[in-house]
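The values are calculated or read from the model by the stated rules, or taken from the named source; none is laboratory data. Note that this is a predicted model, so its numbers are computed, not measured. Reconstructed Cβ throughout: ideal geometry from the backbone, glycine too, with neighbour counts over all protein chains shown. Heads up: the accessible areas ignore ligands, DNA and RNA and are worked out on the full protein's heavy atoms, side chains in. Shrake-Rupley method; radii C 1.70, N 1.55, O 1.52, S 1.80 Å.
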Amino acid sequence: MKKLILAALAAVSIMAIAQPAVAQKARLGHVFAQGNAADEASQIFAKLVKERTNGAIDITVFPNSQIGGDEALGRDLSRGAVEFAFLNIGSLTGLDPLLDIHYLPYIATNNQEVDKIFYNPNGILQRTLGQTLAKHNMVALAYFELDFRAVTNSKHPVRNAEDLKDLKIRVPGSASIRSFFEAAGSQAVTMPMPNLFVALQQGTVDGQDNGASITYNSRLFEAQKYMTLTNHVYAMGAVTVSKRFWDGLGEDQRAIVKKAAEEAASQGIALNRAANAAFLDKIKAGGVEVIVPSPEAMAEFARIGQIGWQKLESVYGAERIAELKKEIAAARGE
């Protein structure tokens, strides 16, 4: 009898080991249209996590604001109501004003500077953003590229700073971006991304300031006539996980998820840069005049951008601003 009992217990143990663990279902939301590089990166991330955890973590991606815009996703992540997001963190300044420090105008002027300043894990931008998200129960796993922001509008060509005056421009909830347009004499209007296309169609706003990929993939160009490559802000997003979900993972799972986020974000950056010229060509083919400002005009845009730096030093902290300026000088070899 004893042998029978031991044999039965052994069989039960073997069955328990053989049975796969119940998958943890997770949702990932973002505002980007399907086909955008950020959306593709999110799909890569979900696939890698599922494969490398042997299906123990199963992430479903909800693109195009299906489960909320950035502001809603930030709130849901903070309270654990959604598990993951590819967040445009610059839109979350209602949660914390430090979350758009990376939107200060003209931090970088090309991709080489971007890579040295924005994608430096030890740099002031990633440290500030990561620490600030952590205060609100979110964990930044990696950072991905949105784009250099441009100005589109339906009123007239913007060839210099003077042409920005009196235009009604939709901006995300970012004090830095708002500071640039207000200093240029525009009327900056904050509204969630899901409302933007209709607002452009109806003339509620004259224009907006997303870059080529978002302007094309979200079809914003269909309601615009002019696009100016001001490159006034480089936009970076964060692959973010709710602290509640993160705390429930084992160390091995955390390592897998973080590595997958880093790989997906890196692939997303490469995809976005490779596609940028094609997006501009498609926007032109859609009837939009694409304007490259003269060096003199760009210098004036940058001068106006510095006005925002001065005004926002009290928001971001003089020490952070000073450290950022040192990193910029080093990236430019100054």
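The set of residues in segment 161-171 being surrounded by 17 or more Cβ atoms within 10 Å (Cβ to Cβ) and over 13 Å from His232 (Cβ atoms) consists of Asp163, Leu167, Lys168, Arg170.
Could you count how many residues in segment 184-203 are in contact (Cβ under 8 Å) with a residue 12 or more places away in the chain and open to solvent by 40 Å² or more (accessible area, probe 1.4 Å)?
Initially, segment 184-203 is screened for residues in contact (Cβ under 8 Å) with a residue 12 or more places away in the chain, giving 184-194, 196-197, 199-201, 203.
If we keep only those that are open to solvent by 40 Å² or more (accessible area, probe 1.4 Å) as well, we get 187, 190, 192, 194, 197, 201, 203.
Total satisfying the criteria: 7.
A count restricted to segment 25-75 and to residues that are surrounded by 18 or more Cβ atoms within 10 Å (Cβ to Cβ), out of contact with any strand residue (DSSP E or B) (no Cβ under 8 Å at 6 or more places or on another chain) and acidic (Asp, Glu) stands at 2.
As an exercise: evaluate Phe180 against (1) more than 20 Å from Tyr106 (Cβ to Cβ); (2) out of contact with any strand residue (DSSP E or B) (no Cβ under 6 Å at 6 or more places or on another chain); (3) assigned to a helix (DSSP H, G or I); (4) among the hydrophobic types (A, V, I, L, M, F, W, C) and give the number of the one condition it does not meet. It is condition (1) that Phe180 fails. Candidates are the residues of segment 91-123 that are open to solvent by 10 Å² or more (accessible area, probe 1.4 Å) and among the hydrophobic types (A, V, I, L, M, F, W, C); the one that is nearest to Lys326 (Cα to Cα) is Leu98.
Scanning segment 155-175 for residues that are within 20 Å of Ser213 (Cβ to Cβ) and not hydrophobic (A, V, I, L, M, F, W, C) yields Arg170, Pro172, Ser174.
Examine segment 143-164 for a residue that is in contact with a Leu (Cβ under 6 Å, 6 or more places away or on another chain), closer than 28 Å to Gln267 by Cβ, at pLDDT 95 or above and not aliphatic (A, V, I, L, M), and state whether such a residue exists. Looking for residues that are in contact with a Leu (Cβ under 6 Å, 6 or more places away or on another chain), closer than 28 Å to Gln267 by Cβ, at pLDDT 95 or above and not aliphatic (A, V, I, L, M), one finds none in segment 143-164, hence no.
Residue count for segment 284-305 under the criterion of being part of a helix (DSSP H, G or I) and either under 23 Å from Arg127 (Cβ atoms) or of a type in the set (D, E, K, R) (or both): the result is 5. Among the residues of segment 211-251, those identified as over 25 Å from Phe180 (Cα atoms), of a type in the set (A, V, I, L, M, F, W, C) and touching a strand residue (DSSP E or B) at 6+ places or on another chain (Cβ under 6 Å) are Val239, Val241, Trp246. Being open to solvent by less than 80 Å² (accessible area, probe 1.4 Å) and over 16 Å from Leu99 (Cβ atoms) is the filter here, so list the residues in segment 314-326 that pass it. Residues satisfying the conditions are Ala318, Ala322, Glu323.
State all residues of segment 249-268 that are within 30 Å of Ala212 (Cβ to Cβ) and either acidic (Asp, Glu) or surrounded by fewer than 24 Cβ atoms within 10 Å (Cβ to Cβ) (or both); if no residue qualifies, say none. Across segment 249-268, the qualifying residues are Lys258, Lys259, Glu262, Glu263, Ser266, Gln267. For segment 224-248, the set of residues classified as open to solvent by less than 20 Å² (accessible area, probe 1.4 Å), outside any strand (DSSP E or B) and either of a type in the set (Val, Ile, Thr) or out of contact with any Gly (no Cβ under 8 Å at 6 or more places or on another chain) (or both) consists of Thr230, Val233, listed by residue number.
Against the test of being within 26 Å of Ala277 (Cβ to Cβ) and modelled with pLDDT of 95 or more, the options Ile67, Ile107, Ile101 yield a single qualifying residue, Ile107. Candidates in segment 165-182 are the residues that are basic (Lys, Arg) and at pLDDT 95 or above; of these, the one that is farthest from the chain's Cα centre (by Cα) is Lys165. Scoring Asp281 on the criteria (1) within 30 Å of Ala56 (Cα to Cα); (2) open to solvent by 60 Å² or more (accessible area, probe 1.4 Å); (3) out of contact with any Leu (no Cβ under 7 Å at 6 or more places or on another chain) leaves a single failure, condition (1).
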